[in-house]
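Participant: Dropping a structure here in structure tokens format, bear with me for questions.
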Amino acid sequence: MDNLELLSEYTLFLKEEKQKGKKVVAFISHDNIPEELLDAAGFIPLRLMFAGNDELMDASHDYLSPSTCAFAQSCIGLFSTKPNHFRFLDLVDYFIVSNHCVSDICASEIISKYFNIPRLNFYLSYTKNENSLKYFKFELLDFKDQLEKIIGIEIKNEALMDSIKKYNNFKKKLLEFNNLNIRGSEKLRILQKAILYGPIFLPELESYTLKFSENQIQNSKDLKDVIITGCSVFLNDYLIELIEEAGGNVISFDTWIGNNYYYQIFEETVINLTKNPFDLLVRRFENNLYGDHSVPNFLENKVSQIEKICQNYLEKTGKKLRIINHIIKFCDHISLMSAYLKEQLQEKGFPVLNLERDYSRANRGQLSTRIEAFLEMV
Amino acid sequence: MSLMADEIVRFSSLLRIAFNLLTGRDYLKRKKFREKKKLISVALPFSDIVYGFPDLVPVFPIRTHVFKMHKYLQYLGSGANIFGWKNVSNFLGFLKNLGIGDINKIIDEIIDNVIDAVNEKYNEMYDIGIENGIPSDFCYGIKSLYGMHVSKGKNYDAILNYTIRCSAWNKYHESLKTINNTSKQIWIDIPPRNVGDALELLVNNLYDGISELEKISGNTYDSNILRNHFKVANEIRRSYKSILYEISTSDFYPCNPATFSEILVILNNSFQDYNSNAIRYRDNMTALVHEIKERIRNKIGMDVSNMPRILITPMFGGWEPKTHEIIYELGGRALYADWDVLLLLEDIPIEKISDPVEAYAHYLMNATTNGIGCDNNTLTDSYFRIAEKLNVDGLIFIQLFGCHSVSNCYPMLKEKIRRELEIPSMALTFNKIGENVEQVKTRLGAFMEMFR
């Protein structure tokens, strides 16, 4: 599933934006980056949300050890080899070094250092309590300072509030789209495109929502419904194809490119009652209970969230959801907890497949067999 | 190994440190059951605030295990209780010189125990870690530590967790909650960067941690106790640095260089919890420095001026313990200085800052910002700083399988070292103790050729 058309469209889009004088800030796509601040400062946020392959992973080995997260390796590989349809990476003006995980730090730092892209810093605490929320605010203010130094003017609270509202509305529409009963591959294709472009994609998203709401799956009893949790399924990944070839249909993406993104929304009243936009961003970080960054309650939050999703789905459709825990090899967060997540969910009667893989082509057959066996067995 | 045994028995202070390291289980049992003290699990050198409570005992979890050869060590300990450590040490040295076969064998076994038992136990814990759900693609240290908690976790009244830049480390701590009947967890968040009032937040986080420790202890926190402990902790650090910088950089060693490396390994292990008794550890460290200097003054030891100094780092997450012995056989001397790379051997600034918690926050923030670093650029500078300070001739970087944090700074470090220090370096991969000794020998052989 090569999204060549999308990538070339996106290249054109970025070129046009650059011609308008906008600058591009890239980052490894995690769920706590305040893209609204980038937007308010007039930057184009570029999420690195592209799956890898053998060449990209190999290309990273000059910079870090092969026992590093395959996604982080591939991000470096993209900058190192610059495949034709990723030429838009030449347009990146700044790169955010952040600490979603240590591979995020390493890969971002390497991209910034070795590919001469000026660096911005945005770090998070690992725990979540009153003090880490205060720390998050310090980082936001520091990040604002870094951006203001580049643009040479102050980022007004009003502009930030407008961006927050814009993204909030966009995420609500994504959630609406996500709730449609359509094929998982179709859904993912639109979600990926929408998240890559951001709120500018809103009109197109609305028209997709309208179009697909009239063409929803009517009889899905032969489909084996699946929820994907763990690591994201990024652009150009074949995983969703394998699931569908095995008779599965992904109805929920419980990942960065999925729930973690568009579930982070505010009620209108909250926005209207909050005067300081930074407090809203802090609040969102506080409410991001299901992201994998924070400790020490990630596992129990995740188990209860998946349990709730599965139970709701059972009540609504009478069908049982199969859970695929997608583990990109050497992912600190998802991999370390995978055995315990599986154990705890299976104890509650939910079938789980821990699907660990990197981006090598040779894995495809093995992954396919494992997915088929899992869906068949359940 | 007998070569090292021969040397180590002459240092009674080192023997005491090693004995306390290996016989921790009995000591801790006594503390817990007879004296009703509470055990707090700590890892990496983050035990200091636990010493603010006299009824809490910090323990690096490997020390709650039973080690092989424990019986001999018990005899040795009993002998030391009656005759004193120095006499036992002299006696062992005397017997060794006589060349009495059986007794020699026992001495060798004791020292082998000191040197090998911890590592053997690490491997055992590594296997337990994997059997209990830690994926094999995580580092040796995490797998072993998880295994230690599966195996003996019920003995701890709490686990003290500091968040650091390594996400696997932080997640590993969370994963300890999956162990049945696991202990209470106390979290102290170290902010990743010193932005805004981050230092103040760290002070608050430390106070929150202290109030959790108060609940375990039942006693109220007393700043004087913690301040006094920090004085002791600083003395330990100074002795440690004296061994690192005065002795290891000199041309005359008080023992053969492989033994000297062993001393550094034992210090690296025991520094994490000061063998659960900081004052005793301080006294042993002071005595060790004294003994070393005495030997040098009396010209007992070895001229090492023609042996290249090789810094081996990082080894705290796991490394092949035969490395220094091989380097010695190849004509070099291996140095270990991990804790100073990470700036954890810096003084806790109680002379300048009256509130000990605030002083400790400064110490931790300095280590985080300038030592461990929030990125690999800072960490690379830290390795570089120590290589320069120790005036080493070469550097061996341990690339720990499954380490996604520290190991990834090697490409940057290699470039910087070659460019600015103009010394050779080499990465040595490591997965499990004893797994690749022959390969290590071959690679070290090629590396050491460069110095001939």
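The values are calculated or read from the model by the stated rules, or taken from the named source; none is laboratory data. None of these values were measured; they are calculated from a predicted model. Reconstructed Cβ throughout: ideal geometry from the backbone, glycine too, with neighbour counts over all protein chains shown. Quick note on the areas: whole protein, heavy atoms, side chains included, nothing else; ligands and nucleic acids left out. Shrake-Rupley method; radii C 1.70, N 1.55, O 1.52, S 1.80 Å.
Participant: Determine whether A:Y63 is outside any helix (DSSP H, G or I), open to solvent by 30 Å² or more (accessible area, probe 1.4 Å), in contact (Cβ under 8 Å) with a residue 24 or more places away in the chain and more than 14 Å from every other protein chain (Cβ to nearest Cβ).
Facilitator: No, not satisfied.
For every residue, the table says whether it meets (1) open to solvent by 20 Å² or more (accessible area, probe 1.4 Å); (2) assigned to a helix (DSSP H, G or I); (3) farther than 17 Å from A:S112 by Cα.
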| position | (1), (2), (3) |
| --- | --- |
| A:V24 | no, no, no |
| A:L38 | no, yes, yes |
| A:L46 | no, no, no |
| A:G52 | no, no, yes |
| A:S74 | no, yes, no |
| A:F88 | no, yes, no |
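Participant: Condition test on A:Y126, is it under 19 Å from the mean Cα position of the chain (by Cα) and within 12 Å of chain B (Cβ to nearest Cβ)?
Facilitator: yes
Participant: Can you go through A:K316, A:K302 and tell me which one is in a helix (DSSP H, G or I) and either within 14 Å of chain B (Cβ to nearest Cβ) or among the hydrophobic types (A, V, I, L, M, F, W, C) (or both)?
Facilitator: Criteria check complete, one pass: A:K302.
Participant: May I pose another question? Any idea which of A:S103, A:S108, A:S112, A:S98 is closer than 22 Å to B:R165 by Cα and free of Cβ contacts under 8 Å to residues at least 24 places away in the same chain?
Facilitator: When all the criteria are applied, what remains is A:S112.
Participant: What residue, of A:N181, A:N215, is modelled with pLDDT under 95, touching a strand residue (DSSP E or B) at 6+ places or on another chain (Cβ under 8 Å) and surrounded by fewer than 20 Cβ atoms within 10 Å (Cβ to Cβ)?
Facilitator: Checking each option against the conditions leaves just A:N181.
Participant: Restricting the search to the stretch A:117-139, which residues are in contact with a strand residue (DSSP E or B) (Cβ under 9 Å, 6 or more places away or on another chain) and within 19 Å of A:L289 (Cα to Cα)?
Facilitator: A:Y123, A:L124, A:S125, A:Y126, A:T127, A:K128, A:N129, A:N131, A:S132, A:Y135 - these are the residues of the stretch A:117-139 that are in contact with a strand residue (DSSP E or B) (Cβ under 9 Å, 6 or more places away or on another chain) and within 19 Å of A:L289 (Cα to Cα).
Participant: Just need a number here: residues in the stretch B:323-348 that are open to solvent by 30 Å² or more (accessible area, probe 1.4 Å), in contact with an Asp or Glu (Cβ under 9 Å, 6 or more places away or on another chain) and at pLDDT 95 or above.
Facilitator: Residues flagged as open to solvent by 30 Å² or more (accessible area, probe 1.4 Å), in contact with an Asp or Glu (Cβ under 9 Å, 6 or more places away or on another chain) and at pLDDT 95 or above within the stretch B:323-348 amount to 2.
Participant: Any residue at all in the stretch A:159-175 that's part of a loop (DSSP other than H, G, I, E, B), away from chain B (no Cβ under 14 Å), open to solvent by 10 Å² or more (accessible area, probe 1.4 Å) and of a type in the set (G, A, S)?
Facilitator: Residues of the stretch A:159-175 that are part of a loop (DSSP other than H, G, I, E, B), as a first pass: none.
No.
Participant: Could you tell me whether the stretch B:197-220 includes any residue that is surrounded by fewer than 17 Cβ atoms within 10 Å (Cβ to Cβ), within 13 Å of chain A (Cβ to nearest Cβ), in a strand (DSSP E or B) and out of contact with any Gly (no Cβ under 9 Å at 6 or more places or on another chain)?
Facilitator: Checked against the condition, which is being surrounded by fewer than 17 Cβ atoms within 10 Å (Cβ to Cβ), within 13 Å of chain A (Cβ to nearest Cβ), in a strand (DSSP E or B) and out of contact with any Gly (no Cβ under 9 Å at 6 or more places or on another chain), the stretch B:197-220 yields no hits at all.
Participant: Continuing with the same structure: Filtering the stretch A:91-123 down to residues that are assigned to a helix (DSSP H, G or I) and open to solvent by 10 Å² or more (accessible area, probe 1.4 Å), which residue is nearest to the other protein chains (Cβ to nearest Cβ)?
Facilitator: For the stretch A:91-123, the residue satisfying everything is A:K113.
Participant: OK, next. Starting from the stretch B:350-379, take each residue that is over 16 Å from B:N194 (Cβ atoms) and list its partners that are open to solvent by 20 Å² or more (accessible area, probe 1.4 Å) and of a type in the set (S, T, Y), counting only C-beta distances under 7 angstrom and pairs at least six apart or across chains.
Facilitator: Note: pairs meeting the criteria are B:D355/B:S223; B:P356/B:S223; B:V357/B:Y207.
Participant: Which one is surrounded by the fewest Cβ atoms within 10 Å (Cβ to Cβ) among residues in the stretch B:365-381 that are more than 11 Å from chain A (Cβ to nearest Cβ) and touching a helix residue (DSSP H, G or I) at 6+ places or on another chain (Cβ under 6 Å)?
Facilitator: Restricting to residues being more than 11 Å from chain A (Cβ to nearest Cβ) and touching a helix residue (DSSP H, G or I) at 6+ places or on another chain (Cβ under 6 Å), the top hit is B:M365.
Participant: Restricting attention to the stretch A:66-90, report how many residues are in contact (Cβ under 8 Å) with a residue 40 or more places away in the chain, more than 21 Å from the chain's Cα centre (by Cα) and within 11 Å of another protein chain (Cβ to nearest Cβ).
Facilitator: 1
Participant: Separate question: Please pick out the residue among B:K143, B:K177 that is touching a strand residue (DSSP E or B) at 6+ places or on another chain (Cβ under 8 Å), within 14 Å of chain A (Cβ to nearest Cβ), of a type outside the set (V, I, T) and in a helix (DSSP H, G or I).
Facilitator: Numbers: B:K143 fails: touching a strand residue (DSSP E or B) at 6+ places or on another chain (Cβ under 8 Å).
Within the list B:K143, B:K177, the selection yields B:K177.
Participant: Taking interchain pairs and intrachain pairs at least six residues apart, which have beta carbon atoms under 6 angstrom, with the first residue in the stretch A:27-51 and of a type in the set (F, W, Y) and the second part of a strand (DSSP E or B)?
Facilitator: Final answer for the pair search is A:F27/A:I96; A:F43/A:K23; A:F43/A:V25; A:F50/A:L235.
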